[in-house]
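Heads up, the thing below is written out as C-alpha cells.
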Amino acid sequence: MSAEIPVLLAVAFPVLMGILCYALRNRRSIAALSFISSAVLIATSLVLFWMVRDNGGGIRLDMNEFAGIPVSELIMVLDSFLMFYFLYIGIKLKNLPTIIFAVLQMIPLFWFESQHQGAVTPSFYIDSLAVIMVLIVSIIGSLIVIYAIKYMEHDKKQARFFFFMLLFLGAMNGAVLSNNLLWLFFFWEVTTLCCYALIRHEETEEAIKSATRALVVTLGGGVAFALAIPLIFEYFGSVSFIDILAISPALGLAFIPVALIALAAFTKSAQIPFQSWLLGAMVAPTPVSALLHSATMVNLGVYVLIRSAPAIGLAPWLSFVIAVVGGFTFFVTALMAVSQVTIKRVLAYSTIGNLGLIVMCVGINTPLSLSAAILLLFFHAMSKALLFLSAGVVDHEGHTKKITGMEGMIRSIPVLAVTVVAAVMTMMMLPFGMFIGKWVALEVSTTRPELLLLTGFVIFGSVLTSLYYTKWLGLVLSAPEEPEHPPKPHPLSKLYTIPMFTLLAGAIFFSVFMGPVISELIGPAVAPYYGLTPMTSDNITFFTPMGWVPSLLIFVLIVVAIFLPLKMFKSIPKEAVKPVYRCGEDFEQLRLKGFFYEREVPDDRITRYANPIAVILLVIMLGVIFI
Amino acid sequence: MNTIDIAIRILLFVLAPAFGCLFFGIDRKLTARMQNRVGPPLLQPWYDFKKLMGKTEEIVNHIHLVFAFAYVAFIMLALGIFLMDGDLIVICFSLGASQVFLALGAFSVRSPYSHVGAHRHLLQMVAVEPLLILAAVTIKLQTGSFVLSDIYARSTYPFFGINTILLLSLPVAFFIVILATIVDTQKSPFDISTAHSEIVSGTFVEYSGPYLAITKLGHWFELSLLFAFVSIFFSSDVLWISIAGKLTLDFAVFLLILVIDNSTARLTIDRLVKFSVRIGLPLIIINIVLIVISSMGVIA
C-alpha cells in the first residue's frame, strides 16, 4: 500500500471533519464527526506504524502534486494567508509585538519564496520518530477530543471549539511528517493559530490576555524559525530536513540557523524564559490544556529538537548550552511548583520541567540520552494527558480548581481520586517510564565533567518533583471518617472514564512491557542517526550500559503491596476500624489545607531571578557560534 | 556468582532486620547506661515486635495499610538491589520511594499529628535524599561506575596493600552518608518527623498492633540498608580484611550516631533543610570539584 492515503487521512481528514463541524453546528453532528475523526486518526496512526515497521526504515513520500492539485503551491498560498491573518489579528488586538512579529516572519519567508522554488523531494518523510509523534498526537489527541465531547456539552461555541481541536491534530500530524522545512513551518504556524484560538475560547478578559501572550511568544519563535529557513538554504543548500541532517557543514556560521531553530523550539516547548504563555494557557477549557501539554503544541518544539539532534551535536558548545537551558528549566520549575495551589499550574510547571529534561537529553547528545529523550516524550504524553483529564473532572464534578479543594476526595469521588493517585505514580514512581527516563538522564549526565551541573539539576528537580506531587496526593487521600450511611458517589460519564482509563492502562502497560517500546519505537527512531540504542529491556530487567533496574520485580512488589492488605482487610472485622487519635480535641471542623511554602519559595520571585539567567543563557547560545 | 555467594546474599537479606533490631537494642541499652539506668534487655525491640504482632487488629482505613506495605516493600527492594550488587542510584531512588510511601501513609489518615509528621518527613527527604544521591555520584566519579559490583572491583586507592578504601578518597561523601544515616534512623538532632514528645510519633501515630510491627520491620531493613551503604566505603580484595573493615566501619559509625543522639537536642525542620543546603551541599560540591580536577590531572 502506498503511504499517500494514510498521510492524507492523518493530516487532511481531521481538518475536513473540523470544517464540517464548523459548518453543521449542531451538537449531535459535532459529536458524531469527532468520534469518526478520532476512530480514523487512531486507525491511521497504527497503519502508519505498521507500514514503517514493515518498510524497515523511513518512507519517502512525494506529494508536491497530488490528484492534480499542486500541493506545494497550495501550502505556500495558505501560508501567505496565515501570515496576513496574524497581521490582521495583531492590528485588531492593537498589539504591537504581534504586528512586528507577523511582519518579521513575512520578510525572510517571502524573500526566500521569491528566490527559490519551495518544493523539495521527498515532501513527507515518515520514519519511526515521526511515527512516535503521530501515535502520540493521533491516539492521545483523539482520546482528549472524545473527552471534550462530554466536557464541552453545555458550551455555546462548540462548533468553533471542535474545528480548532481537529485542525490542531491535523496540523500536528502535518508538522511531524513534513520533510520540507517550509511545510513544517506552515504547520508550525497553524498550531500557533489553533493554540491562540483555543486559549481565547472563553473570551473573558483573562482569556484574551493569555491568548495574546501565547500568540506573541510563539510568533516570536516563528520569527526565529522563518529567519532560519533562508540561512539553512544558504549554508546547507537545501530545505529538505533529511538532506540537511546528512550534511556536516564546514562553516561555523552554519550553526546560526540551528541555534535559531532551537530558539523557536524553546518558545514552543515553553522553556524558561518563555514559560509564561503555557502558565497563562490554563484559562482555556481543560481539554485544551490537556491537548497543549501532552499531545500537541509543546511536543512539537522538542520533536524538532530531537529531529535536529545530529546537527546540534556537531556544535559542542551549542549543545552544551541547550542542555543547560533544559536542566535549569527542570530544576527551577520543580522549585516553583512547590508553592502552587492551583492544580493546573502545578501540572503546567511539571510539563515545562519534563520538557526541560527532554531538551537537556537532546543537549547531552549521546545515543543513550537521545533514547531517554524519546522515552520521556512518549511516557510524559500519556501521564500528563491523564492528569489534565483528571483535573478537568475534578473541576466539573468536584467543583474546584485548587489542590486544597481536593481534600478528602478519596471519600467523595473515590474512582477519580484513585486515578489521580495512579497517574501521579506513573509520573514519578519507579519503575514507570518517566522514572526510567529521569534515571537515565541522571546517569548519562555524569559521563562528562562539564555536564555535572546538570546532574545536580536533575537530582534536585526529581526530589522536588516528588515533594510537590506527594503533598498534593496527601490532601487527596486525607479522608474523613466514613459516615454511617455514605452517600452513593455519583457515577462519572463513560466519555470521561474511557479516555482516562485507556491512558492509565497505556501508561502502566507500556511501563511493564518496556521491551517492545524500546525495540519497536525508540530503537528504530534513534538508529538512523545514532546507531543501535544502548537501552535494552527484556521486560524483566531494564539495562543501560551504566546500570540496571529490576523492573518486573518492582511491579510484582507494587501489586503485592496493594493486594496483600486488601486481602487482610477482608478478614478484619468492622469493629476494628477505629477513629484517629484526637488527644482529647475535636476534629469535626478540622481543615488540613497542607503546606505550600509560599513564603520560602514564591514562584514570582524565583521567576524574577530565573528569567534573566535564562536570557543570558540564550544570548550565549546564539553568541557562542561566533567564537 | 556461585551458589555459596548467592546463599550468603540471601542469608544477609534475611538477617538484615535482625541487625536493625539489634541496633535498637544496643542503642537503648547504651543510652540507658549513659543516663545511669539499667535499661531494657538487649532483645527488647524483638520482644516488642512479638507482642505487637499478637495484638488485636485496629485500623483507621485500608489505604493507610497499603502504603505501610509499600513502604516496607520498597525498603526491602532497595536492600535487595544492594545485595544483588545493583545500581546505586536505583537504590537511592527506591529508598526515596519508600519515604514517599511512608509520607503518603501518614497523609491518608485525617490526623493533624500524622499530617505534620508527613510534611516534615517530605522536607527531610528533600534535605537528605539529594545529598545521598550526590554521594553516590562522587563514588561513580571516583570508580567510574554506579553498579556496585564494578565499584568493588574498580575502586583503587592503594593503602598498605589494601587497594580499595573509598573512605580515604571520599571523606566528604562518607560524612554525608553518615548524616543521611542519622536522619533516616530518626535520631536526635534529626528526629523531626517522628518527634514523639511533640507530635506523638508523627508519621507512625495511627499504626497500631501488627501494622505498627510491620512498619518497625521496615525501619529495621532501612537501618541495615544505610549501614550497608556505609560499608561501601571499605572493601578489599582479601575477603576477611574486607569483612572486618566493613564491620569496623559500621560499628564506628554506630557509636558516633549514639553519641550524637545522646548529646544533642532536636532541631526544627527548617534548620535541617538549611543545614543540608548550607553545609552538606557545599561540602559535596567541593568534593565533586576536587575529583573532577584531580581526574583532569591538574592535581596529581
Criterion: modelled with pLDDT of 95 or more, in a helix (DSSP H, G or I) and touching a helix residue (DSSP H, G or I) at 6+ places or on another chain (Cβ under 6 Å) - qualifying residue of A:ILE322, A:ILE306, A:ILE358:
A:ILE358
Anything in the stretch A:535-552 that is surrounded by fewer than 18 Cβ atoms within 10 Å (Cβ to Cβ) and either of a type in the set (Asp, Glu) or over 13 Å from A:PHE513 (Cα atoms) (or both)? List them, or say none.
A:ASP538, A:PHE543, A:PRO545
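Per-residue answers, yes or no, for (1) touching a Ser or Thr at 6+ places or on another chain (Cβ under 7 Å); (2) buried (at least 24 other Cβ atoms within 10 Å of the Cβ); (3) at the interface with chain B (Cβ under 8 Å from one of its Cβ atoms); (4) not in a helix (DSSP H, G or I):
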{"site": "A:ASP395", "(1), (2), (3), (4)": "yes, no, no, no"}
{"site": "A:HIS399", "(1), (2), (3), (4)": "no, no, no, yes"}
{"site": "A:ARG411", "(1), (2), (3), (4)": "no, no, no, no"}
{"site": "A:MET434", "(1), (2), (3), (4)": "yes, yes, no, no"}
{"site": "A:GLY437", "(1), (2), (3), (4)": "no, yes, no, no"}
I'd like the full set of residues that are assigned to a helix (DSSP H, G or I) and in contact with a Phe, Trp or Tyr (Cβ under 9 Å, 6 or more places away or on another chain), limited to the stretch A:514-549.
A:MET514, A:GLY515, A:PRO516, A:VAL517, A:ILE518, A:GLU520, A:LEU521, A:ILE522
Here the residues within the stretch B:113-136 that are at the interface with chain A (Cβ under 8 Å from one of its Cβ atoms) and either polar (S, T, N, Q) or at positive phi (or both) are B:SER114
When (1) more than 28 Å from the chain's Cα centre (by Cα); (2) at pLDDT 90 or above are applied to A:GLU113, the one that fails is (2)
Considering each of A:SER294, A:SER210, A:SER248, A:SER289 in turn, give the residue that is outside any helix (DSSP H, G or I), of a type outside the set (A, V, I, L, M) and on the phi < 0 side of the Ramachandran plot.
A:SER248
So how many residues does the stretch A:381-419 have that are more than 21 Å from B:SER108 (Cβ to Cβ) and basic (Lys, Arg)?
2
Testing A:THR98 on (1) crowded, with 19+ Cβ neighbours inside 10 Å; (2) modelled with pLDDT under 90, one condition comes back false. Which one is that?
(2)
Within the stretch B:137-148, residues being away from chain A (no Cβ under 11 Å) and either modelled with pLDDT of 85 or more or in contact with an Asp or Glu (Cβ under 8 Å, 6 or more places away or on another chain) (or both) number 1
Scanning the stretch A:24-65 residue by residue, the ones that are over 21 Å from A:SER138 (Cβ atoms) and part of a helix (DSSP H, G or I) total 4
Within the bounds of the stretch A:275-283, is there any residue that is under 17 Å from the mean Cα position of the chain (by Cα), under 18 Å from A:LEU617 (Cα atoms) and modelled with pLDDT of 90 or more?
yes
Checking A:GLY474 against (1) at the interface with chain B (Cβ under 7 Å from one of its Cβ atoms); (2) in a helix (DSSP H, G or I); (3) of a type outside the set (Val, Ile, Thr); (4) touching a Ser or Thr at 6+ places or on another chain (Cβ under 7 Å), only one condition comes out false. Which one?
(4)
Index of the failed condition, A:PHE388 passing every other in (1) of a type in the set (Phe, Trp, Tyr); (2) more than 30 Å from A:SER142 (Cβ to Cβ); (3) out of contact with any Phe, Trp or Tyr (no Cβ under 9 Å at 6 or more places or on another chain):
(2)
Would you check if there is a residue in the stretch B:83-94 being polar (S, T, N, Q) and in a helix (DSSP H, G or I)?
yes
Search result, residues across the stretch A:251-280 that are under 13 Å from A:ILE352 (Cα atoms), of a type outside the set (Ser, Thr, Tyr) and not in a helix (DSSP H, G or I):
A:ALA270, A:GLN271, A:ILE272, A:PRO273, A:PHE274, A:GLN275
Which residues, counting only those in the stretch B:78-103, are farther than 15 Å from B:SER145 by Cβ and facing chain A (nearest Cβ under 7 Å)?
B:PHE93, B:SER94, B:GLY96, B:ALA97, B:VAL100, B:ALA103
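The values are calculated or read from the model by the stated rules, or taken from the named source; none is laboratory data. All of these numbers come straight from a predicted model, not from anything done at the bench. Cβ coordinates were reconstructed from backbone atoms using ideal geometry, including for glycine residues, and neighbour counts include every protein chain displayed.
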